[in-house]
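Values quoted throughout were computed directly from the atomic coordinates according to the rules given, and no laboratory measurement underlies them. What you see is a predicted model; the values in this text were computed from it and never measured. Heads up, the Cβs are rebuilt from the backbone with ideal geometry, glycines too, and the neighbour counts pull from every protein chain shown.
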């Protein structure tokens, strides 16, 4: 008889987020069974729940999971039973394409993703692809670690790709779950930070984390572009074309514009100004395996830990509603032991 678990599910595309009892199969080749301790609720989970079509339904959501390995499928040798692991969005990749060969598996065209093409980590127990699970350092709290599997990973990758030197100014647009972590990582690398958001509460929060300046989108060009002399780089976590255009206007010559927040909105930038100012525009998606290991190590050292609020699993549907309304400060985490 198969074991059962309680999971946060979508019965169909755009269906309400519900709690369901699911069967948990034995792990197949390349898979492991994990008893989940915590899982973050990511804005990407919300986006997936609102898609008009999905490759897999019913679908267990979630890709910021922390749990303990309970059983191994055939061929799994790099993880032992009893290991605490992080479950991220990238479930598996082909391993042989050009992207995989250069260590950029996140761009593999044949990848599978937890909480999208494979069942995710918002469940008390589940079976997961072992390929990209990362072992946690000893002593790292599961609730604090959960958002690092996506928010921390993505934020760190974006700050690294901005490629700034200590003392240079980084503008961060959007101080939500990813942005506040990017501020931590930027300060750890010795960067000056200007924080931009529509929420006075988040701007005050950013200043408490060490932001040199904090302002609204409307004031960003004046504060960053003029009073601070322009940013050497800007990262846009906000899903807003207006934020992208404003970030561009705050940049110095030779600066970088890193786009992370995803939106269906279109934006236009002046080609001549881009060329004459030597602006580099780049999309940033997730990070490397080494990035995630670094993120875990920094957190284990007490550095760059996310602000988290934990909830029992029965509050998951409410958390999705609050996330949609922009009412989550920091990161929401489902703690399964509290359920």
### Query
To the nearest 0.05, what FRET efficiency results for residue 275 and residue 165 with a Förster distance of 30 Å applied to their C-beta separation?
0.80
### Summary
Rounded to the nearest 0.05, FRET efficiency between residue 189 and residue 26 (Cβ-Cβ, R0 41 Å) equals 0.40
### Task
Just grab the label-to-label distance for residue 47 and residue 219, each label 7 Å out from Cα along the Cβ direction, in nm (one decimal).
3.0 nm
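Give me 215, 100, 94 sorted ascending by neighbouring Cβ count inside 10 Å, so fewest comes first.
Fewest to most other Cβ atoms nearby, the residues stand as 94, 100, 215.
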### Extended-chain gain in nm, criterion 0.36 nm per residue less alpha-carbon gap, residue 307 and residue 264
12.6 nm
### Query
Is any residue of the range 190-212 close enough, with backbone N under 19 Å, to a label point placed 7 angstrom from the Cα of residue 249 along the Cα-Cβ axis, and if so, which?
194-199
### Query
Points 7 angstrom from Cα along the Cβ direction at residue 104 and residue 56: gap in nanometres?
2.6 nm
#### Entry: Computed over the chain: relative contact order in percent, which uses C-alpha pairs under 8 Å that are six or more apart
18 percent
## Note on the structure
Dividing the mean separation of Cα pairs under 8 Å (6+ apart) by the residue count of the range 220-312 yields a relative contact order in percent of 23 percent
### Task
With a point put 7 Å past each Cα toward its Cβ, work out how far residue 18 is from residue 35 in nm, to one decimal.
2.9 nm
### Query
What's the center-to-center distance, using Cα atoms, between the range 206-253 and the range 1-74 in Å?
37 Å
## Note on the structure
Once residue 289 and residue 94 are pulled to full extension, the length gained, defined as 0.36 nm per residue separation minus their Cα-Cα distance, is 68.7 nm
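Please compute the contact order of the range 152-283 in relative form: average sequence separation of alpha-carbon pairs under 8 Å and at least six residues apart, divided by the residue count, as a percent. If you can, show how the numbers build up before the last one.
On the way: 274 pairs, mean separation 29.2, N = 132.
Relative CO of the range 152-283 lands at 22 percent.
Would you please give the FRET efficiency between residue 241 and residue 11, computed as 1/(1 + (r/R0)^6) with r the Cβ-Cβ distance and R0 = 35 Å, to the nearest 0.05? Please report the intermediate quantities before stating the final value.
Working: r = 33 Å, r/R0 = 0.94.
Efficiency, rounded to the nearest 0.05: 0.60.
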